[in-house]
């Protein structure tokens, strides 16, 4: 009987050591598997952002052309120019470009850049006029509108 007591207090058997080691390996495997999945998700997100904003420099250059269209339309309302402008905006909107409409909104620096203030019968802080339009590309503002704000 005394021999049986001594065996139970002895070092763990080879089977217990193997089970513990197996659990340790399984834990490490699951941790590394989760790390790989997180890496894949981060890379996928990075690639999607790169694709969405890879044309930002091209779009910024085209915005200068859109500004020229705007000034010609405001000056003379030529229907051909207006038609070309609409066609160009249709194509650019298919690539995620969106014109911001801020006239009448309360001014905040998060939505526009105030370059002129004017006394008005409208409440103080209202955007009265858009001097230069602003644009979003795939939901991100790439150029803030320049505006006139009421005092």
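All of the numbers you see were taken from the coordinates with simple rules; none came from a lab. Since this is a predicted model, take the numbers as computed values, not measurements. Counting neighbours? That spans all protein chains shown, and the Cβs are built from the backbone with ideal geometry, glycine included.
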Using Cα pairs closer than 8 Å and at least 6 residues apart in sequence, work out the relative contact order for the chain, in percent.
19
Between residue 21 and residue 48, how high is the FRET efficiency from 1/(1 + (r/R0)^6) when r is the Cβ-Cβ distance and R₀ = 41 Å? Nearest 0.05.
0.50
Show me the ranking of peptides 79-87, 106-114 by mean Cβ neighbours inside 10 Å, starting with the highest.
106-114, 79-87
Mean Cα-pair separation over length for segment 73-151, i.e. relative contact order, pairs under 8 Å, 6 or more apart, %:
32
With N set to the residue count of segment 43-84, report its C-alpha Rg divided by 2.2 N^0.38 Å to two decimal places.
1.75
Degrees between helix 56-76 axis and first principal axis of the chain (Cα, 0 to 90, nearest 10)
20
Rg(Cα)/(2.2 N^0.38 Å) for the chain, N = residue count
2.16
Calculate how large, on average over all directions, the projected area of the Cα convex hull of segment 14-53 is; give the answer in nm² to one decimal.
2.2
Protection-proxy order for peptides 127-139, 30-42, each taking the mean of Cβ atoms within 10 Å per residue, highest first
127-139, 30-42
On a 0 to 90 degree scale, rounded to 10, what angle separates helix 79-94 from the longest Cα axis of the chain?
0
Angle, helix 14-53 long axis vs. longest principal axis of the chain, Cα atoms, 0 to 90°, nearest 10?
10
Nearest-0.05 FRET efficiency for residue 41 and residue 140 at R0 = 22 Å, using Cβ-Cβ distance, is 0.60
Only helices counted: for the chain, with every DSSP H run of 4 or more residues adding -39500 (n - 2.57) and the sum spread over all residues, [θ] at 222 nm is -19500 deg cm²/dmol
Quick one: of the DSSP bridges fully inside segment 34-151, what percent are antiparallel, nearest 5?
70
